[in-house]
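Colleague: The structure that follows is given in the form of structure tokens.
Each reported figure results from applying straightforward, stated rules to the coordinates on display, with no laboratory input. These figures come from a predicted structure and were not determined experimentally. Counting neighbours? That spans all protein chains shown, and the Cβs are built from the backbone with ideal geometry, glycine included.
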Amino acid sequence: MKIKINQNKLKEGVNVVERISSKSSSLPVLKNILIRAYKNYINLIATDLEIGIKWWSLAQTEKEGEVVIPSGILSSFINFLPNEKVSMSLSKNDLLVDCSDFKTQIKGFTTDEFPIIPEVSEKSSLLINSQDLCKGLSQVSDIPSFSTARPEISGVFFEAKKDKLKVVATDSYRLGEKIINLDNKVKEDLSFILPQKAAKEIVGILGEKEGVVKLVFSPSQVLFEMKEDSKSTQPQIQIVSRVIDGEYPNYEEIIPKKSGTSIILNRAEFLNQIKASSVFGGKVNELKVKVNPTKKGLELFSESVETGEFNSFIPAEIKGKKEEISFNYRFLVDGLSIIKSPEVIFEVNGSSSPGVLRPAKETDFLYIVMPIKSN
């Protein structure tokens, strides 16, 4: 193998694949990166056996070849190099790196024991803008909760129909649903459950990149393949993940069909007062929300034996009746932090029904939070 590539481009690729290799602890071989030199391309590969990442870039290839290198050593060394051409070649199983006045030899390994990332056979697929995908995932990826009893709620549910993709997550106490518009209709309906870890890695890797992602789904795995645009033949990044086996709960049943009371609030003020109430939230993080149409606002109340009590009032536009409902303040904070619009709509329908948070002028996202039932 003999190949040349600019230092900042190589650094970018190593940083992408090292996200997986650096976290692997079960097998020593998983702490390595597989480097492959093809004609005009370099390919970096890492896996933790649940997620596999492949990164490509144009390069000057004089001789094709491959080697496995410890990711931590390669990453640390590349960061010290100047932003100039890096030449990499092999001496048996060692990687020789030459850049400006820097020359080093990194002990490598053969590729025999490096795990193979399986190819995903295309059963169903769709195209989506990378920024739209990452924005949607970022709004729901923190919600799932790991559960051995109910593994299906440990991930993010994807459902594509016609020209819309829904990404949904729940932990049984709250739920987020984001609807993403697609430029093209899917040829057939598509649904699967993506592990939470993979969802977060996709946001972390693709979140700052512009491009088109082709999502390819098979019964056991899913591939997220990013290209510069839909006409490109060479991918920039491929992320392969297993899918969670099981049937996702019929979450639409818990979405209220109508609201008894609808409240429009300033999001920042509502969020700030809820955070203030947390000082007095007690062991169960309870926050009482009193809807008062007569006073045209919400009254918030929390109390703790150890710290005292909290009372506040927030002006609001209210349509509906007087209500008093208790929520876990942490769940309200999470929902309001996800929503970025200046105003939010807060819908309630009695003390035993879930509350719903939505952006005031958008219809593509909702956040549901279950109430704390009074004794």
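Colleague: Run down the lysines and flag those whose C-alpha is under 26 Å from the C-alpha of LYS295, throwing out any fewer than 8 positions away in its chain.
Modeller: By straight Cα distance, LYS295 reaches LYS258, LYS275, LYS319, LYS321, LYS322, LYS361, LYS373.
Colleague: Here's a follow-up. Using only the Cα atoms of the stretch 31-72, what semi-axes does the equivalent ellipsoid have when each is the square root of 5 times a gyration tensor eigenvalue? Give whole Å, largest first.
Modeller: Equivalent ellipsoid semi-axes, largest first: 20, 11, 7 Å.
Colleague: Here's something else I'd like to know. What is the log10 of I(q)/I(0) for the stretch 124-253, computed with the Debye formula using one identical point scatterer on each Cα and no solvent, at q = 0.15, 0.16, 0.20, 0.21 Å⁻¹?
Modeller: Evaluating at q = 0.15, 0.16, 0.20, 0.21 Å⁻¹ gives log10 I(q)/I(0) of -0.64, -0.73, -1.17, -1.30.
Colleague: Report, in whole Å, the centroid distance computed from the Cα atoms of the stretch 13-54 and the stretch 173-241.
Modeller: 19
Colleague: In µm²/s, what is D for the stretch 1-148 at 25 °C and 0.890 mPa s, where D = kT/(6 pi eta Rh) by Stokes-Einstein and Rh is the Kirkwood radius from Cα pairs?
Modeller: 147
Colleague: With a 10 Å cut-off between alpha carbons and a GNM built on the chain, which of GLN238, GLN273, GLN221 moves the most?
Modeller: GLN273
Colleague: Okay, next question. When the chain is fully extended, how far beyond the present Cα-Cα distance does SER26 get from GLU303, taking 0.36 nm per residue of separation?
Modeller: Here the answer is 95.1 nm.
Colleague: On the Cα set of the stretch 255-369, report Rg and Dmax in Å, please.
Modeller: 13.2, 41
Colleague: While we're on this one: Which residue, chosen from SER100, VAL344, SER220, occupies the Cα position most advanced towards the positive end of the dipole of the chain, where the dipole is computed from +1 (Lys, Arg) and -1 (Asp, Glu) charges on Cβ about the Cα centre?
Modeller: VAL344
Colleague: Continuing with this model, one more query. Counting other Cβ atoms within 10 Å, keep those with at most 12, restrict to DSSP loop, and tell me which GluC sites (Glu not before Pro) in the stretch 190-239 are left.
Modeller: Counting only loop positions with at most 12 other Cβ atoms within 10 Å, the GluC sites (Glu not before Pro) in the stretch 190-239 are GLU208, GLU210.
Colleague: What distance in nm separates the simple spin-label points at LEU58 and ASN181, each placed 7 Å from Cα in the Cβ direction?
Modeller: Between LEU58 and ASN181, the simple spin-label model gives 3.4 nm.
Colleague: Okay, moving on. Over 24 Å between Cα atoms: which of LYS39/LYS185; LYS135/LYS227; LYS209/LYS231; LYS164/LYS200; LYS178/LYS296; LYS162/LYS214 fall into that group?
Modeller: From LYS39/LYS185; LYS135/LYS227; LYS209/LYS231; LYS164/LYS200; LYS178/LYS296; LYS162/LYS214, over 24 Å: LYS39/LYS185; LYS178/LYS296.
Colleague: Place a +1 charge on the Cβ of each Lys and Arg in the chain and a -1 charge on the Cβ of each Asp and Glu, then give the dipole magnitude about the Cα centre in debye, rounded to the nearest 20.
Modeller: So the dipole magnitude of the chain works out to roughly 420 debye.
Colleague: On to the next question. What is the gain in length, in nm to one decimal, between SER147 and GLU12 on full extension, counting 0.36 nm per residue of separation less the C-alpha to C-alpha distance?
Modeller: So the extension gain works out to 45.1 nm.
Colleague: Turning to a different aspect of this structure: Taking the simple approach of a point 7 Å from Cα along Cα-to-Cβ for both LYS200 and ASP112, what is their distance in nm?
Modeller: Placing both labels 7 Å beyond Cα along the Cβ direction yields 3.7 nm.
Colleague: Find the Rg to Rh ratio for the chain, where Rh is the Kirkwood radius over alpha-carbon pairs and Rg uses the same atoms.
Modeller: Rg/Rh for the chain comes to 1.08.
Colleague: Collect residues whose amide H, placed 1.01 Å from N in the peptide plane, falls under 5 Å from the amide H of GLY108; neighbours closer than 5 in sequence don't count.
Modeller: Here the answer is ASP94, LEU95, since their amide H atoms fall under 5 Å of that of GLY108.
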